[in-house]
């Protein structure tokens, strides 16, 4: 039993250390983008949908794994209203993988773990990944595109 616990804890600890070490070497601009990523996830967890108007560019195009095709900002608002009425995020954690900035474009890649409760009070934990593209518009980073979502269920 002890060995099994260590087998689970050691990789997790190494992953957290690697993520923290990677983030510590980021430039001030990369850290600014990552703070926006964390803020967006926090607002979504709190069901504060104002993040969409504050952080998503008018020309947004995104493609989540659970959608049949890329969607726009209006679709994002519609589906987030539906999702927040049917699900509650209990806990979440982000794991940054990479951050590249060229001019006014940033690409952030990360994994996540999230625990959700649905309207039936059933709880599930999911993992997933995103590649987010942000554009600095009038001095402010905005989401212009992303692709990703929950990993397939095993």
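Nothing in this text is a laboratory measurement; each read-out follows from the coordinates by a stated rule. Keep in mind that what you see is a predicted model, and the values were worked out from it rather than measured. Glycine also receives a Cβ, built like all others from the backbone with ideal geometry; neighbour counts cover every protein chain displayed.
With each label modelled as a point 7 angstrom along the Cα→C-beta vector, the residue 63-residue 29 pair spans 2.7 nm.
A simple spin-label model places pseudo-atoms 7 Å from Cα toward Cβ; at residue 137 and residue 102 they are separated by 2.1 nm.
Using C-alpha pairs below 8 Å separated by at least 6 residues, the relative contact order for region 28-150 is 25 percent. So if I average 1/r over every pair of distinct C-alpha atoms in region 14-154 and take the inverse, what Kirkwood radius in Å does that give? Taking every pair of different Cα atoms in region 14-154, averaging 1/r and inverting gives 15.8 Å.
Percent relative contact order of region 37-98, based on C-alpha pairs within less than 8 angstrom and at least six residues apart? Relative contact order, region 37-98: 30 percent. With contacts taken as Cα pairs under 8 Å and at least 6 residues apart, region 73-144 reaches a relative contact order of 25 percent. Counting every other Cβ atom within 10 Å of each residue's Cβ, 63, 34 order from fewest to most as 63, 34.
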